[in-house]
Amino acid sequence: MPKKTKGTKRKPSRSKKKNNEEIKISFFELVKRAVRSEEFPKVVAVFLALFTVFCFISFVSFFVTWFSDYSLVENVTPGSLIKGERNIGNVCGNLGAFMAYVMLRYTFGIASFGFLIIFALIVLRIFKVRINHYAKWFASTMVIMLWLSCIFGFIVVGFDLEDMEDLSGIVGIGINQVLCSFLGTIGCALLLLAITIVIPMMLFKVRYTGLIRGVKRTPELISNMLQKAEKEDEETDLEEESILVDTPSIPTAETPKPTGRTVNDLFKEPLHTEQQEPAPTEVEEPTIEPEKQPTYVFDVNTPIVTPKFTPEEDDEDDGIAFIVKDKSGNIISQTQETSEETETEEENEKPMEHHTIDEPYDPRLDLPRFQTPTTDILVDYDKRNEVVTKEELLQNNEKIKKTLGYYGIGITSISATPGPTVTLYEIVPAPGVRISKIKGLSDDIALSLAAIGIRIIAPIPGKGTIGIEVPNAKPQVVSMKSMINSPEFQNSKAELPIVLGKTVENEPYVTDLAKAPHLLVAGATGQGKSVGLNAIVSSLLYKKHPAELKFIFVDPKKVELSLYSDLDRHYLAKIPNGKNAVITDVNEVQDTLNSLCVLMDTRYELLKDVQCKKITEYNAKFLERKILPVDGHGYMPYIVVVIDEFADLIITAGKKIEQPICRIAQLARAVGIHLIIATQRPSVNVITGTIKANFPARMAFKTSSMIDSRTILDSPGAEQLIGRGDMLVAIDGKTTRLQCALIDTQEIESLVSDISQQDGYTGCFELPEPPEEGETGGEKMDVGPAGKIDALFEDAANSVVDSQYGSTSTLQRNFGIGYARAGKIIDQLERAGIVGPFNGSKPRAVLVKSRVELEEILARVLHKE
């Protein structure tokens with residue numbers, strides 16, 4: 001074996017090096033993992049919350065003990081601060097006193113309490129406490145801190161209060177020194193006054209309506225005061241003159257009645273200290289009363305009723321004197337009500353003027369101070385958009401010509417209409433060119449243009465051209481602000497106007513939901529369906545008063561429509577004892593829909609009583625006071641039901657949800673109840689034929705397949721959309737391509753906040769009590785001699801209604817049964833009212849035309865069995 005040489009050192013093994021490196025790496029990784037863990041922010045938030053409480057206590061204590069602590073803290077050193085050599089009176093010790101001194105003196109002064117609000121907002125944000133407008137609260141706190149510091153700084157600088165520098169801090173003093181040197185003391189004061197007025201308007205939407213109304217009424221109040229003073233002077237002059245005129249005294253039990261003597265005769269008579277008895281003989285004396293002052297005498301033992309006057313008497317009389325006497329004639333009280341009090345009462349009754357019979361009824365006076373939010377709270381995206389260039393239009397024009405030329409398709413002319421998302425190229429084909437040949441070239445045109453979402457309209461309705469829609473290289477964003485401010489929407493006379501976006505021709509698309517009358521919205525995930533719903537709701541909020549419109553929001557996801565929950569005192573409706581204004585529970589959805597059915601039936605009864613066909617006629621008569629508010633009659637607000645994630649409701653509840661929706665969709669249009677249903681799964685089992693038949697208006701965003709497009713629109717096209725708000729709207733048999741208007745979450749929160757801060761009702765609009773579970777709304781039917789219903793009765797009924805053909809032989813063939821049993825089932829169907837009587841060799845008439853009516857009949861029939 002080889003010998004070991006002396007003096008050689010053994011090298012450390014690689015394994016030990018690796019272990020040391022692993023230890024070091026694991027330590028730093030441990031720190032990184034601790035910082036990146038989900039618990040770390042919460043730990044920081046706990047310490048920040050404790051620090052906030054510590055700062056608050058130290059600030060408050062500093063203002064209590066500042067007189068004794070100020071000199072100690074001002075010259076403090078780090079050593080004395082740590083050792084605690086100085087006797088500080090602050091309850092938070094040396095650190096609390098020093099921290100309060102620094103933050104109050106060298107920042108914003110007393111406004112530094114705003115730092116504590118900011119710390120609290122950060123803590124709430126980390127713990128994910130839901131507070132609307134975190135950024136707005138943060139910015140508002142900073143602005144108010146700066147404003148208060150400037151106000152106190154002006155006081156300190158203007159009045160030379162050097163000992164009160166802690167009120168404003170160095171920030172406020174410095175700003176005021178600069179402003180006073182630049183604008184002077186008066187200019188600085190006016191600037192701060194203007195800022196004081198503007199800040200509440202910007203941050204808290206204060207409109208100063210009361211102050212403005214008071215300023216407008218100031219001249220009127222001054223003139224009234226002057227007139228009142230003149231009347232008082234005239235009354236004083238009349239009283240002085242009446243002393244020199246023969247005036248009768250008020251008769252009492254102790255004094256004799258006046259005899260009409262003059263003032264000189266009274267001076268000639270001797271004074272009597274004792275009470276004189278009245279003369280035994282009664283002499284009729286003339287009754288002299290002030291002009292235009294009728295006197296009313298009341299008995300104390302009978303109740304006093306305020307006399308009523310006609311307008312003619314009220315205009316003539318300057319005042320009314322009231323004298324109350326007992327049975328013996330003694331005066332107990334005497335009051336005078338002047339015309340000024342009457343004027344005051346009339347002013348107090350002015351808010352109730354809409355209840356007078358002479359004027360039309362105005363439902364908006366229920367909330368007379370409600371104001372529609374301004375569009376300033378919305379964002380204008382139009383300024384950021386880029387216009388389609390002329391070079392892009394010419395390039396696409398040439399490529400379309402070449403592509404069609406490759407396949408031998410001649411073009412007479414071509415024109416381009418740029419829109420927000422796509423550009424419409426209208427071509428006029430040469431004579432003899434088949435339209436179907438152009439339709440099949442959509443993929444080839446898309447390949448030549450290197451674009452997706454090419455859609456060919458052949459032909460364009462109302463035009464003798466073929467349209468090719470090509471997406472723009474840089475699509476534009478359509479802002480909701482521009483749509484709300486558009487003349488088409490502002491001047492719309494529709495009952496429920498909604499603006500959805502811009503067409504290919506760059507024109508706002510405005511339609512009437514009342515004429516739709518129900519809307520089906522569908523599309524793949526993330527293609528703009530929720531934004532479309534928000535555009536519809538915001539359109540109605542900007543156009544209708546809370547007394548004219550109510551919403552019912554159904555949101556199984558609990559996050560999309562919950563933004564509107566603060567509108568409960570203005571626009572929302574719910575059933576009695578409902579949990580939330582925005583409905584998320586499936587059982588509550590079922591009760592709400594059943595309650596709407598009850599409300600629908602009630603409204604139809606009211607329309608029948610006054611011989612009206614629809615809600616517009618009824619409300620017009622009620623506004624003209626041709627219908628009295630008795631026996632349940634009253635103004636009918638429109639009710640819009642917005643249901644998101646309809647597929648989830650169908651999967652969960654099935655026919656319990658589908659049946660009332662179909663009934664409302666069939667009948668509720670005339671009584672002002674409209675449905676908006678949205679779903680991400682436009683499959684046949686979700687959007688059934690019954691639902692599609694009652695929802696003629698449809699909005700389709702981009703779908704994943706042509707089958708889904710046919711399910712929504714009954715035609716292809718939605719699968720060729722480019723997404724991000726690109727949609728097809730089918731109303732009145734006409735399909736239009738739109739770019740949906742964008743309104744983001746912050747804009748919705750601002751809109752809801754503006755409305756919720758105004759005066760509203762005491763709570764939600766209450767719907768009728770939903771019917772008890774198991775109620776069918778009709779009488780039970782007897783379909784057999786002994787109530788025996790055949791086992792194939794339900795299947796036979798469905799078959800007859802679906803085929804609209806009822807005969808015994810048909811049932812025999814379809815179910816493989818004998819003639820006797822088939823005849824028995826037909827007789828039961830007749831007694832149930834599903835088919836008509838025997839009609840010889842012809843098949844029986846089918847009386848039920850839809851599955852919805854059949855299900856109601858089956859529910860009554862099978863309930864008895």
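The values are calculated or read from the model by the stated rules, or taken from the named source; none is laboratory data. The shown structure was predicted, so the numbers you read here are calculated from the model rather than taken from an experiment. Neighbour counts run over all protein chains shown; Cβ positions are idealised from the backbone, glycine included. When the accessible area is computed, the model is the full protein with side chains, heavy atoms only, and any ligands, DNA or RNA have been set aside. Shrake-Rupley method; radii C 1.70, N 1.55, O 1.52, S 1.80 Å.
The residue of segment 798-809 that is farthest from Val852 (Cα to Cα), among those that are in a helix (DSSP H, G or I) and open to solvent by less than 20 Å² (accessible area, probe 1.4 Å), is Val800. Name the residue that is least open to solvent (accessible area, probe 1.4 Å), counting only residues in segment 420-461 that are polar (S, T, N, Q) and assigned to a helix (DSSP H, G or I). Among those residues, the one meeting the criterion is Ser442. Select from segment 824-862 the residues that are more than 30 Å from Lys692 (Cα to Cα) and surrounded by 14 or more Cβ atoms within 10 Å (Cβ to Cβ) and list them in ascending order. Once the filter is applied, which keeps residues that are more than 30 Å from Lys692 (Cα to Cα) and surrounded by 14 or more Cβ atoms within 10 Å (Cβ to Cβ), segment 824-862 yields Lys824, Ile825, Ile826, Asp827, Gln828, Arg831. Checking each residue in segment 404-419 for being part of a helix (DSSP H, G or I) and surrounded by fewer than 12 Cβ atoms within 10 Å (Cβ to Cβ) picks out Gly405, Tyr406. Look at segment 46-64: where a residue is under 24 Å from Phe127 (Cβ atoms) and touching a residue at least 60 places away in the same chain (Cβ under 8 Å) and a partner is of a type in the set (Gly, Ala, Ser) and open to solvent by 40 Å² or more (accessible area, probe 1.4 Å), sitting 6+ places away or on another chain with Cβ atoms under 7 Å, you get Thr52/Ala120. Looking only at segment 120-177, how many residues end up being open to solvent by 40 Å² or more (accessible area, probe 1.4 Å), of a type in the set (S, T, N, Q) and at pLDDT 85 or above? Count: 1. Would you confirm whether any residue within segment 618-631 is of a type in the set (Asp, Glu), under 22 Å from Lys544 (Cα atoms), out of contact with any His (no Cβ under 6 Å at 6 or more places or on another chain) and in a loop (DSSP other than H, G, I, E, B)? Yes, that holds for at least one residue.
Note on segment 481-528: residues that are within 24 Å of Leu424 (Cβ to Cβ) and not aliphatic (A, V, I, L, M) amount to 17.
With respect to (1) within 17 Å of Ala791 (Cβ to Cβ); (2) over 56 Å from the mean Cα position of the chain (by Cα), the lone exception for Lys842 is condition (1).
Filtering segment 552-584 down to residues that are open to solvent by 30 Å² or more (accessible area, probe 1.4 Å) and of a type in the set (Asp, Glu), which residue is farthest from Asp366 (Cα to Cα)? The extreme case among them is Glu560.
This table checks each residue for (1) of a type outside the set (Lys, Arg); (2) more than 20 Å from the chain's Cα centre (by Cα).
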site: Glu505; (1), (2): yes, yes
site: Gln527; (1), (2): yes, yes
site: Leu533; (1), (2): yes, no
site: Ser538; (1), (2): yes, no
site: Lys543; (1), (2): no, no
site: Leu549; (1), (2): yes, no
site: Pro556; (1), (2): yes, no
site: Val559; (1), (2): yes, no
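Can you name every residue in segment 431-445 that is among the hydroxyl-bearing types (Ser, Thr, Tyr) and under 48 Å from the mean Cα position of the chain (by Cα)? Selection gives Ser442 alone. Residues that are among the hydroxyl-bearing types (Ser, Thr, Tyr) and in contact (Cβ under 8 Å) with a residue 24 or more places away in the chain within segment 134-178 comprise Ser140, Thr141, Ser149, Ser168, listed in sequence order. Would you mind stating whether Leu649 is more than 26 Å from Leu541 (Cα to Cα) and touching a strand residue (DSSP E or B) at 6+ places or on another chain (Cβ under 8 Å)? When the stated conditions are applied, Leu649 passes them.
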